[in-house]
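The next block holds one structure in the form of structure tokens; read it before the comments.
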Amino acid sequence: MKKMLFGLLVLICFAFSKANSKLEIYNYGQNGMELVAHSKKGVIIVSTFNSKMTIRQDIAKKLYDLYLANKLVNNKKITVLGCDAEVTGKCVIRKKNSLTAIDFFYEEVNWYSGLKEVYKKIL
């Protein structure tokens, strides 16, 4: 009877262990140019807005790689898989002559630790 009760307790603990996911809303972030790259086609600038300080460089490099692979679409919401988190946001691509600007606006950060942060603008 004790073994059955103990087994049931362990089973309940595992069943509810995923319930520890936490949702936080943030209204601050870093804005700025993260990456400036020169290519045969010209200069490419990757800027991030409302970004989290610890992952902004990593996400900017992943965005640049996605751009080189022609996987970025203007004015579309995309998800970028980083080393520490999965970031969802809107990507805006602007071109003028040999200059290309990639602006990425963070909307949601899903940390691999289970924390989910959502950006909300203060009015």
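Here is how the numbers come out for the structure above:
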{"item": "Strands (runs of 3 or more DSSP E) lying entirely in segment 83-123 (those with 1 or more residues that are surrounded by 15 or more Cβ atoms within 10 Å (Cβ to Cβ), at negative phi and among the small types (Gly, Ala, Ser))", "result": "85-96, 99-111"}
{"item": "Unmet requirement for Asn74, which otherwise passes all of (1) out of contact with any Ser or Thr (no Cβ under 7 Å at 6 or more places or on another chain); (2) assigned to a strand (DSSP E or B)", "result": "(2)"}
{"item": "Qualifying residue in segment 52-60 (condition: in contact (Cβ under 8 Å) with a residue 60 or more places away in the chain and open to solvent by less than 30 Å² (accessible area, probe 1.4 Å))", "result": "yes"}
{"item": "Residue under evaluation Ala69, criteria (1) at pLDDT 95 or above; (2) open to solvent by less than 70 Å² (accessible area, probe 1.4 Å); (3) of a type in the set (A, V, I, L, M), criterion not met", "result": "(1)"}
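The values are calculated or read from the model by the stated rules, or taken from the named source; none is laboratory data. Predicted model, so just to flag it, every value in this text is computed and none were measured. In this analysis, Cβ positions are derived from the backbone assuming ideal geometry, glycine residues included, and neighbour counts consider all displayed protein chains. Just so you know, the surface numbers come from the protein's heavy atoms only, side chains and all, with ligands and any DNA or RNA stripped out. Shrake-Rupley method; radii C 1.70, N 1.55, O 1.52, S 1.80 Å.
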